[in-house]
Amino acid sequence: MKAIIFDFDGTLANTLPICDYAFQSVFKEFDNKDLSSGEIRAMFGPCEVGIINGNLLHEDKEQAIELYYEKYLEKHHDLVAANQEIHDLLMKLKKKGLKLAIVTGKAKRSLEISMKALQMYNYFDVIITGDDVVQPKPHPEGLFKALSQLHVNNHEAMFVGDSDADIQAGMGADIHTVGVHWLPDIQTMEFSVTPHAHYKEVHEFINALPASRTQ
């Protein structure tokens, strides 16, 4: 094992509540729709721009996109708390000599807001956002890009995510795929495709890592 690739929302940060808030604000403001968290998350796949362009009825998509980022930044501090357990995990993985990457459907703009607020930038060697792919998860394009930039093959890496789309993407890339339910808000309660491993606690994941990388 040379590299671990992570999803972001619901895996590395409990950002789903701020995503819900920002999208709910947009659809209420522009389409006068009150959407539930479930309805919002059913749209996930494309980046925020893709979600708004594909689902908003109002013609002023550009203004709606700007409102999304305004709301995302406005409430980030209130709705997204830093998670010391996740930070400790990332530090341990770096000390093991592993390369770390993110493959997320988020747009670069919102990911930068979250990573700056949570002070997570220094951990990652490669970051692939929804802006960097043509085909979002569950297509494995983002994982293939990450593997290429990390200079590792699929059997030297692991992908960790919390959603069905993550598990399907990992399987599609023929990577050891780990499903996690270790944060308060997650995208998929029950996976439709069984991952190679499944953890509900960060410490369980750490304990299961190959011992050969601890030196």
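Only the coordinates and a few stated rules stand behind these numbers; no lab work does. Since the structure is predicted, the reported quantities are computational estimates derived from the model, not experimental observations. Backbone-built Cβ (ideal geometry, glycine too); neighbour counts: all protein chains shown.
The table for this structure:
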read-out: Shape category assigned to the stretch 16-78 from the gyration tensor of Cα positions, a/c cut at 1.5; value: rounded
read-out: Signed unit charges on C-beta, dipole axis of the chain, positive-most listed residue Gln168, Gly54, Phe44; value: Gln168
read-out: Cleavage-rule hits, trypsin sites (Lys or Arg not before Pro), the stretch 64-119, DSSP coil, Cβ neighbours within 10 Å at most 15; value: Lys75
read-out: Tail fraction, Cα-Cα pairs, the chain, threshold 26 Å, whole percent; value: 32 percent
read-out: 5 angstrom amide H check on Ile127, placed H, neighbours 5+ away; value: Ile102
read-out: Loop-resident sites, the stretch 56-91, for GluC sites (Glu not before Pro), counting at most 16 other Cβ within 10 Å (DSSP); value: Glu59
read-out: ³J(HN,Hα) computed for each position of the stretch 196-208 - Karplus, 6.51 cos²θ - 1.76 cosθ + 1.60, integer Hz, glycine/proline x; value: 5, 8, 9, 10, 10, 9, 4, 5, 5, 5, 4, 5, 8
read-out: Nearest-0.05 FRET efficiency for Asn154 and Glu85, computed from C-beta distance (R0 25 Å); value: 0.35
read-out: Cα-based radius of gyration of the stretch 155-215 once divided by 2.2 N^0.38 Å, which approximates compact folds; value: 1.12
read-out: Nearest-20 debye value, the chain charge dipole, Cβ charges on Lys, Arg, Asp, Glu; value: 960 debye
read-out: The stretch 120-215: trypsin sites (Lys or Arg not before Pro) in DSSP loop, at most 12 other beta carbons within 10 Å; value: Lys200
read-out: Value at 222 nm in deg cm²/dmol, rounded to 500, when DSSP H runs of n ≥ 4 in the chain each add -39,500 (n - 2.57); value: -13000 deg cm²/dmol
read-out: Positive dipole terminus of the chain, leading residue within Met189, Cys19, Asn207 (C-beta point charges); value: Asn207
read-out: Cα-Cα over 31 Å, subset of Lys116/Lys145; Lys75/Lys95; Lys71/Lys99; Lys61/Lys94; value: Lys75/Lys95; Lys71/Lys99; Lys61/Lys94
